[in-house]
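**Student:** The structure under discussion is supplied below as structure tokens; questions concerning it will follow.
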Amino acid sequence: MKKHLVFIINPKSGVDRQKEIKAAINDRLDHSTYSHEIIYTEYAKHGIVLAEKAAKDGAYAVVAVGGDGSINDIVTGLQGTNTVLAIIPKGSGNGMARTMKIPLSVPEAIEVINKGKEVKIDVAYANAQVFISNAGVAFDALISKKFAKSVRRGLAMYSWLVTRHMWTYKEWDWDITIDGKLVTEKAFIVNVANGQQFGYNFKIAPMASYTDGWLDVIIIRKFPKILGGAIVLRAISGTIAGSFFVKHYRAKEVVVTNPGLRLMQTDGDAHVCSDKINFRVEQGAQKVLVP
């Protein structure tokens, strides 16, 4: 009996991209092993509903065709099931796909599915919100919100937003409880990571592992803005934790509080939140097809 795959695609990806994906599936998928169907999302977070239904209907795997936000929706819908996650990276930054070494080429990503190598990855939570890459409450949350509203996508726009807002961003005072120990910092970024990067090879937590059962907490303290470029270069080179302005912790549970906190990002999607966020991790909660 063939294993059934459900490909979930955001139609906003464009007609040409949809044709490319369908052609690659027809040409490269191992049809002797897999049956498949393609479903398109119709509204925000529809991927959660579609993934839940696919799992209930007995799909072997749901294939997230998109970026970290699309993957987040699918993982959210698959929680508590045995259905496997597969990924065809078609987002802007593709942070989690890059962390997992999943090729950005559609045909090569399909070959990963054909090989059928499963690993169990950790799933993290910010209060009740699932994330598998990273979550943040400071500057990265602001940029996620601005990027979501931008008509243009890609690295150039992302870099422009970072450069534009970095100079005017005012750092906040944070209470961060890491496995019961209180840390207070005036911070530019407070990021809780399960994966290694935001995307575009900007490695906010290059030491992170998505299978070790730990969260990596990266705090970028207030720094002279003229040194912003140096911190970016460290992130790209994977040495950000070596900066004088960066603190790194590993934890099972993290609590972040600030009375003015109203915005956070999970896997690059910005949304409103409370003034207290509890982060935790469940080891090996999701099966994923990887190279």
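**Student:** Applying the selection to the stretch 104-117, what residues are under 19 Å from the mean Cα position of the chain (by Cα) and closer than 14 Å to residue 5 by Cβ?
**Tutor:** 109
**Student:** Mind checking which strands (runs of 3 or more DSSP E) fall wholly inside the stretch 142-236 and carry at least 3 residues that are under 17 Å from the mean Cα position of the chain (by Cα)?
**Tutor:** Ranges flagged: 181-193, 215-221.
**Student:** Another question, then. Evaluate the stretch 79-94: report whether one residue or more is closer than 30 Å to residue 170 by Cβ, touching a Ser or Thr at 6+ places or on another chain (Cβ under 9 Å) and buried (at least 23 other Cβ atoms within 10 Å of the Cβ). Spell out how you get there, then give the answer.
**Tutor:** At the first step, the residues of the stretch 79-94 found to be closer than 30 Å to residue 170 by Cβ are 91-93.
With the extra rule that they be touching a Ser or Thr at 6+ places or on another chain (Cβ under 9 Å), the set shrinks to 91.
Pick out the ones that are also buried (at least 23 other Cβ atoms within 10 Å of the Cβ) and you get 91.
Yes, some residue in the stretch 79-94 is closer than 30 Å to residue 170 by Cβ, touching a Ser or Thr at 6+ places or on another chain (Cβ under 9 Å) and buried (at least 23 other Cβ atoms within 10 Å of the Cβ).
**Student:** Checking the condition touching a helix residue (DSSP H, G or I) at 6+ places or on another chain (Cβ under 6 Å) and either surrounded by fewer than 16 Cβ atoms within 10 Å (Cβ to Cβ) or over 26 Å from residue 285 (Cα atoms) (or both), which residue from 159, 133, 150 passes?
**Tutor:** Values: 159 fails: touching a helix residue (DSSP H, G or I) at 6+ places or on another chain (Cβ under 6 Å); 133 fails: either surrounded by fewer than 16 Cβ atoms within 10 Å (Cβ to Cβ) or over 26 Å from residue 285 (Cα atoms) (or both).
Every option except 150 fails the conditions.
**Student:** If residue 278 meets every condition in (1) farther than 23 Å from residue 155 by Cα; (2) polar (S, T, N, Q); (3) buried (at least 18 other Cβ atoms within 10 Å of the Cβ) apart from one, which number is that one?
**Tutor:** (3)
**Student:** Right, another one. When you look at residue 70, is it assigned to a helix (DSSP H, G or I) and either surrounded by fewer than 24 Cβ atoms within 10 Å (Cβ to Cβ) or among the small types (Gly, Ala, Ser) (or both), yes or no?
**Tutor:** yes
Yes or no, residue by residue, for (1) surrounded by 17 or more Cβ atoms within 10 Å (Cβ to Cβ); (2) touching a helix residue (DSSP H, G or I) at 6+ places or on another chain (Cβ under 7 Å):
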residue	(1), (2)
246	yes, yes
249	yes, no
256	yes, no
265	yes, yes
273	yes, no
283	no, no
291	no, yes
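**Student:** So, in the stretch 95-109, how many residues would count as being buried (at least 24 other Cβ atoms within 10 Å of the Cβ) and out of contact with any Gly (no Cβ under 9 Å at 6 or more places or on another chain)?
**Tutor:** Number satisfying all stated conditions: 1.
**Student:** Looking only at the stretch 94-129, filter to residues that are part of a helix (DSSP H, G or I) and among the acidic types (Asp, Glu); which one of those is nearest to residue 206 (Cα to Cα)?
**Tutor:** Only one residue tops the list, namely 108.
**Student:** Sort out which residues of the stretch 25-59 are in a helix (DSSP H, G or I) and closer than 17 Å to residue 70 by Cβ, and write them in order of number. Working first, answer last.
**Tutor:** Restricting attention to the stretch 25-59, the residues satisfying the condition of being in a helix (DSSP H, G or I) are 25-28, 46-56.
Across the stretch 25-59, the qualifying residues are 25, 46, 47, 48, 49, 50, 51, 52, 53, 54, 55.
**Student:** What number of residues in the stretch 229-243 are crowded, with 16+ Cβ neighbours inside 10 Å and either more than 17 Å from residue 171 (Cα to Cα) or in contact (Cβ under 8 Å) with a residue 60 or more places away in the chain (or both)?
**Tutor:** Looking only at that region, the number is 6.
**Student:** With the requirement that a residue be under 21 Å from residue 126 (Cβ atoms), in contact (Cβ under 8 Å) with a residue 40 or more places away in the chain and not in a loop (DSSP other than H, G, I, E, B), what does the stretch 74-86 give you?
**Tutor:** 74, 75, 76, 78, 85
All of the numbers you see were taken from the coordinates with simple rules; none came from a lab. Here the structure is a predicted model, which means the values were calculated and not measured. Glycine gets a Cβ as well: all are built from the backbone with ideal geometry, and neighbour counts include every protein chain shown.
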